[in-house]
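These notes concern the structure reproduced below.
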Amino acid sequence: MDEEEPQEQPRSAVAEAITAVRNGDLSQTQVARFSDLSRANAQTLAGAWESIPEENRIKLIRRFDELSEERVELNFGRALRIALDDPSSVVRQLAVAGLWEDESSDLLDRMRVMLADDGSPDVRAQAAAALERFSGRAVEGGLDGRVAEILRDDLRRAASDTEAPYAVQRKALESLGPYAAESEISALIAEAYDSGDHGLQCSAIYAMGRSLDSRWLPTILMELESEEPEIRFEAARAAGLLGAADALPVLLEAAHDDDAEVRHVAISAIAQIGGRGAVRALQRLAEDAGEADIELIDAALDEVNPLLEPIPHSS
């Protein structure tokens, strides 16, 4: 079925917005005109894209991200697709990141090509990260079996290629997490974890969480007590991804960590696990939480149990 055409803005409005951005006007009024581009208006933008100074193109992609968060009705997908061909690696990387909600098959193909062939290590790493959502779909049966195999093999090659840029290896390994039921992928994750390389260990722990396989839980719980804050962060995140109630006591301790990022990811992980045990853990945290954490705890409680009475706490 053909993609439904959005309501078309007048070409004059898009042309005006292009001129405005070219001249440095990145106001909401102008940038919003690039939302829901029709095919014709997308062609107009593509034809004029490189006439916009690189600095302004970078700012424009960042404005797309900002406005998408502020106004959920805006959709800059077609404009971001144009930016995937930008000569600037910064623009391409931002465009890949901006398409995080797009799960179309043609974007999957494009990300695979960028993972293998883009001239920028940063863009390749961003493409590897973008492929994680597709590997999750593949394992759930949401992709054709042959496509799922090709994707797995692409990621496996990138993760195991010792001559590939380090960031590419790490992101590819993380995106392989959903495939970890396969012995070859499980062995690759275990090898990275045992490598002694700090970054690869962090990525391996994340992949353990994405595997949704509880056999990794003892390792994750052990690493929640690591001396390294980044390891504790990844272990807390992985525990939340696994959704294992057995992790709640250790996550409760991690929610008192000296490192704010570890505390916050532990709170989010508790909410991810859910259930009555998570509610009790969050209530305990709220009793003596600092001002920097209480808002996140209250939001986590709302996520776990929207019917729960608000928790009183001192101002």
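Overview of results
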read-out	value
Folded to 0 to 90 degrees: helix 121-130 orientation relative to the chain principal axis, Cα	70 degrees
Overall Cα dimensions of the chain - principal axes, largest extent first, Å	60, 51, 37
Dipole in debye (nearest 20) - the range 222-315, about Cα centre, beta carbon charges: Lys, Arg +1; Asp, Glu -1	520 debye
14 Å beta-carbon shell around residue 157, net charge (K/R +1, D/E -1)	-2
Prolate/oblate/rounded label for the range 240-288 (Cα gyration tensor, a/c 1.5)	oblate
Spread of Cα-to-Cα distances over 10 Å intervals beginning at zero, given as percent, for the range 222-315	19, 54, 25, 3
Per-residue [θ]222 nm for the chain (sum of -39500 (n - 2.57) over DSSP H runs n ≥ 4, rounded to 500)	-20000 deg cm²/dmol
Cα centre as origin, Lys/Arg/Asp/Glu Cβ charges: the range 103-212 dipole, Debye	200 debye
Cα-based radius of gyration of the range 103-212 once divided by 2.2 N^0.38 Å, which approximates compact folds	0.96
Rh (Kirkwood; distinct C-alpha pairs) - the range 1-112, Å	14.1 Å
Qualifying GluC sites (Glu not before Pro) in the range 198-229, DSSP loop, other Cβ atoms within 10 Å at most 14	225, 227
Dipole moment magnitude, nearest 20 debye, the chain about Cα centre, only Lys, Arg, Asp, Glu C-beta charged	700 debye
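Just so you know, all these numbers are worked out from the coordinates, no wet-lab data involved. For clarity, every value in this text was computed on a predicted model and none was experimentally measured. Backbone-built Cβ (ideal geometry, glycine too); neighbour counts: all protein chains shown.
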